[in-house]
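Here is the structure we will look at.
Where a number appears in this text, it was derived from the coordinates with a stated rule and is not lab data. Computed from a predicted structure; not experimentally measured. As a convention, Cβ positions derive from the backbone with ideal geometry for all residues, glycine included, and neighbour counts pool all protein chains shown.
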Amino acid sequence: MKNSRRRFLQIAGVSALGLGAKPVLDAFASESAHGPGYHLAKGEDAMDARQWAMVIDTRKLQTAEDLEPIIEACNKIHNVPTGIKNKNHEIKWIWEAHYHNAFTDKAGQFTSEEVEHRPFLLLCNHCENPPCVRACPTKATFKNDNGIVMMDFHRCIGCRFCMAACPFGARSFNFRDPRPFIEEENKAFPTRMKGVVEKCNFCAERLAVGKMPACVEASNGAIAFGDLYDEHSEVRELLKENYTIRRKQTLGTEPSVYYIV
Amino acid sequence: MKDKNKIFAGLAIFIVVVTLPFWFNLGKAAPAPELELTAKAKAAKTCVMPTEFMTANHMQLLDVWRHNVVRGGERMFVNDDGKLYDMSLSNTCLDCHSNKEKFCDRCHDYASVRPYCWDCHIDNPKGE
């Protein structure tokens, strides 16, 4: 008798639980069924790669004048503020540097003068093993599916850990509102705000609509762009045929920007 | 309860003072804002999703958009009717709604929300 009463109460309790749970489960089920009726997709023209990479033929870019249109194309398209006079507040996506500053580990005492005095185009290397991504506490900077080291400006809290982590100086911090310093606004691309870090994005927004990066288009064939892991891509063909160097290769970040010297 | 009268008088005064803002503003609620659509938005008749959905959920939808565009690399939005849109605040939303002051701001001001979209996204792509 004692045992069967206990049994009865157990069954009653479990049944009550089951009856109570059903409406809750139903509510969850109906919620997912009536979810928004849209879906998202990549554009038809979007280009994909395992790791986008760039090969810069510095033999074709001998003077600062050769680099100018390339840098300008990038600045214009991405609303990079070029009017900031204070060097400490400067914003750079792609810029010109001397051999000694670009290839600090390769500057011998005596090197080819011709190469040494060439201007070099520097930009974010979109490393395969990016230290900036490891440093970012909010995942505002991350490596996307195509190997691009992207910035999600919405998430950037301006801590600048990534700037300390980047060995290439490829990142700039907006110490002030950049808008007054943008010479010509491109209304199709957002600007940045005070307090976020920014850098080159390998023109992810252009690749998504099937266009080559702005600097590649403006370079008259001096810069090649393609998938590093596609054997038949333009960059791989160039890498096969030419001797190339990368910046600070010894650090092991595996930069994806190669220079033919 | 010797000071019964004093206590109740004090309580009454306290309640009146605390609820004063409510009495003061009674019947003076600001009218709901009226939104103005641009000619282009009117001609399109429907937004990327039905109007009721947009009114209630545009912020969630924009959040989905920004997450998928920036982090997922997906830029195409296909709505219920199978219509395609580029997921872009500046180039799609503000292309129709190019009157931010009379469309976005009116409601945002009324609801006292201050979205920081326009710190970066340029608010009027057509410069009208």
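Peptide B:65-73 shows a mean partner chain C-beta count of 6 within 10 Å per residue C-beta. Rg/Rh, computed from the Cα trace of segment A:160-209 with Rh as the Kirkwood radius, has the value 1.00. With N counted as the residues of chain B, its alpha-carbon radius of gyration over 2.2 N^0.38 Å works out to 1.67. Taking every Cα-Cα distance in segment A:1-91 and sorting them into 5 Å bins starting at zero, the pair-distance distribution P(r) comes out as 2, 8, 7, 8, 9, 8, 6, 6, 5, 5, 6, 5, 5, 5, 4, 4, 3, 2, 1, 0, 0 percent. The Cα trace of the protein assembly as shown gives Rg and Dmax of 29.4, 104 Å, the first to one decimal, the second as a whole number. Extending 7 Å from the Cα toward the beta-carbon at both B:Ala43 and A:Arg176 defines two label points whose distance is 4.2 nm.
Could you work out how far helix A:64-77 tilts from the main Cα principal axis of chain A, as a 0 to 90 degree angle to the nearest 10? In chain A, helix A:64-77 runs at an angle near 30 degrees to the longest axis. Against chain A, whose longest principal axis comes from its Cα atoms, helix A:2-33 is set at around 40 degrees. Among B:Ser90, B:Ser112, A:Ser256, the order by Cβ neighbours within 10 angstrom, fewest to most, reads B:Ser112, B:Ser90, A:Ser256.
Using only DSSP helix segments of four residues or longer, with each worth -39500 (n - 2.57), what per-residue ellipticity at 222 nm results for chain B after dividing by its residue count and rounding to 500? When only DSSP H runs of four or more count, the value is -11000 deg cm²/dmol. Each semi-axis of the equivalent ellipsoid for segment A:47-260 is √(5λ) with λ an eigenvalue of the Cα gyration tensor; in descending order they amount to 25, 20, 18 Å.
Counting only other chain Cβ atoms within 10 Å of each residue's Cβ, the peptide A:145-152 averages 2. Kirkwood hydrodynamic radius of segment B:11-56, from the reciprocal of the average inverse Cα-Cα distance over all distinct pairs: 14.6 Å. Tell me the angle of helix B:4-18 to the major Cα principal axis of chain B, expressed in degrees between 0 and 90 and rounded to the nearest ten. Roughly 20 degrees, rounded to the nearest 10. Each peptide in A:16-27, A:47-58 receives the mean, over its residues, of other Cβ atoms within 10 Å, and ordering these scores from highest gives A:47-58, A:16-27. Shape analysis of segment A:147-232 based on the Cα gyration tensor places the equivalent ellipsoid semi-axes at 26, 18, 12 Å, largest first. Across peptide B:111-124, the mean count of Cβ atoms from other chains lying within 10 Å of each residue's own Cβ comes to 3.
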